[in-house]
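Notes to accompany the following structure.
Each reported figure results from applying straightforward, stated rules to the coordinates on display, with no laboratory input. Not measured: the values here are computed from a predicted model. Please note: Cβ atoms are built from the backbone with ideal geometry, for glycine as well, and neighbour counts cover all protein chains shown.
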Amino acid sequence: MDAILFYVFAAIAVASALVVVGQRNPMYSAFALIVTLCSLSVIFGLLGSPFIAVLQVIVYAGAIMVLFLFVLMLLNVKKEEDRPVGGGRTLRGVALALVTLLVLQAGTVLLRWEAVPAAGFDASTRRMAQVLFSPHFLYAFEATSILILAALVGAIALARKEP
Amino acid sequence: VGLLYIFAITALGVYGVVLAGWAANNKYSLIGGLRSSAQMFSYELALGLSWVGVIMLAGSLQIADIVDDQGRRLGGWFLGWNAFVQLPAFLVYFLAATAEVARIPFDLPEGEAELVAGFHTEYSSMRFACIQMAEYINMITVAVLGTSLFLGGWHAGVPGLPSEGLVAFVWWGAKVFALLFVFIWLRGTLPRVRYDQLMAFGWKVLVPVAAAWILATAAGVALLPGLFQVASR
């Protein structure tokens with residue numbers, strides 16, 4: 001059952017990701033990205049981590065993509081002009097994607113990553129919080145939040161009109 | 001993950017309005033959709049933050065645990081409900097929920113004085129029925145959540161009164177309908193706010209108040225765990 005669900009949603013994720021890249025209309029790309037993010041969240045759920053799955057939907061599908069749509073609709077982005085498909089550009093893109101895939105695969109094989117989570121792996125909300133706020137990750141976690149705050153202030157400083 | 005799951009599904013609800021406004025290919029509808037995407041995103045934040053204190057007190061994301069936690073406090077008196085213990089959070093929740101479901105003082109996505117009917121201008125018959133039904137289902141959902149998180153769910157609120165079995169439905173239903181009544185009451189009473197007032201209120205009042213209240217609750221839970229009888233699991 002899990003395997004069937006995994007393959008169904010993995011296929012949906014890959015297909016909608018292709019739509020994101022292939023669409024000429026930015027609105028359609030944004031909608032396809034929402035589908036990708038939601039199917040990724042299902043895969044997180046299947047991996048036994050409902051907390052991450054729900055966060056994925058809240059943060060990415062619920063907040064970030066709404067902002068994307070807001071900007072797209074506010075700027076009224078028109079359909080991209082048709083550039084001739086094919087030729088060198090497409091070829092280079094496909095080649096780059098293949099190289100990335102190869103590197104990732106090589107990494108997985110060389111580092112002998114376990115595809116199955118280790119026994120006793122617990123990704124409940126409580127466990128996540130304990131790990132995140134343990135001394136091991138606390139500084140990295142806090143540093144990330146300061147980084148995000150700095151980016152926020154920077155964005156406002158750049159966007160603000162001089163009085 | 002209980003509560004977070006509900007939050008995730010509500011977060012996806014905004015796409016219905018945005019898509020309806022955008023797909024109508026009408027400038028008024030587009031502006032309605034645009035407004036709703038910004039409004040719901042802003043008020044979702046305050047809505048989520050207002051839950052944090054409640055979750056901290058109960059020590060659980062499960063709604064049943066949160067309701068039981070309220071029923072145990074102060075020997076079962078209604079003053080132990082989160083609406084009183086967490087009064088600022090309840091006010092933030094109520095205001096943010098009104099805006100989140102676009103009820104009248106905050107129904108800028110529709111705003112018929114300026115946008116014809118906003119995002120649902122171009123929809124009629126069954127499609128309009130679906131939009132309208134979704135709006136009312138949203139309203140009922142936030143009333144039910146408010147009842148469970150802040151108004152003690154199915155507990156009577158007075159020790160000695162029964163709150164078991166079928167009577168629990170009566171208490172619960174009465175509280176839900178009271179909240180729904182207030183929503184309709186507000187619609188009949190208040191004028192619509194301006195769009196810049198709406199955004200300023202959300203970001204400059206609700207979010208800071210909710211954040212400050214989270215700090216206060218966290219301090220209370222950490223320093224005086226006995227006072228709130230924080231469940232330790």
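Can you give the FRET efficiency to the nearest 0.05 for B:LEU190 and A:ALA95, using r as the Cβ-Cβ distance and R₀ = 45 Å?
Result of the calculation: an efficiency of 0.15.
Can you pull the mean other chain C-beta count within 10 Å for peptide A:39-49?
Counting other chains' Cβ atoms within 10 Å and averaging over A:39-49 gives 0.
Roughly how far apart, in whole Å, are the Cα centres of segment B:153-223 and segment B:47-69?
Segment B:153-223 and segment B:47-69 have Cα centres separated by 13 Å.
With +1 on each Lys and Arg Cβ and -1 on each Asp and Glu Cβ, and nothing else charged, work out how big the dipole of the protein assembly as shown is about its Cα centre, in Debye to the nearest 20.
Result for the protein assembly as shown is approximately 520 debye, rounded to the nearest 20.
List, largest first, the extents of the alpha carbons of segment B:43-173 along their principal axes, each in whole Å.
54, 31, 23
At R0 = 35 Å, how high is the FRET efficiency between B:ARG127 and A:GLU142 if r is their beta carbon distance? Nearest 0.05 is fine.
About 0.10, to the nearest 0.05.
From other protein chains only, count the Cβ atoms within 10 Å of every residue's Cβ in A:50-58, then give the mean.
So the per-residue partner count for this stretch is 5.
For a quick check: with amide H placed at 1.01 Å from N, whose amide H comes under 5 Å from B:GLY152's, ignoring anything fewer than 5 positions away on the same chain?
Correct list: B:ASN82, B:ALA83.
Read phi for every residue in segment B:32-45 and hand back ³J(HN,Hα) as whole Hz from Karplus 6.51 cos²θ - 1.76 cosθ + 1.60, θ = phi - 60°, with x for Gly and Pro.
After applying 6.51 cos²θ - 1.76 cosθ + 1.60, I find x, x, 4, 4, 5, 5, 5, 5, 5, 5, 5, 7, 4, 4 Hz.
Over all residues in B:17-28, what is the mean tally of Cβ atoms on other chains that come within 10 Å of each residue's Cβ?
If you average over the peptide's residues, the count of other-chain Cβ atoms is 1.
In 10 Å bins starting at 0, how do the alpha-carbon pair distances of chain B split up by percent?
Answer for chain B: a P(r) of 8, 31, 33, 19, 8, 1 percent.
Bin width 10 Å, origin at 0, all Cα-Cα pairs of the protein assembly as shown: what percent of pairs per bin?
Percent of Cα pairs in each bin: 4, 17, 27, 26, 17, 6, 2, 0, 0.
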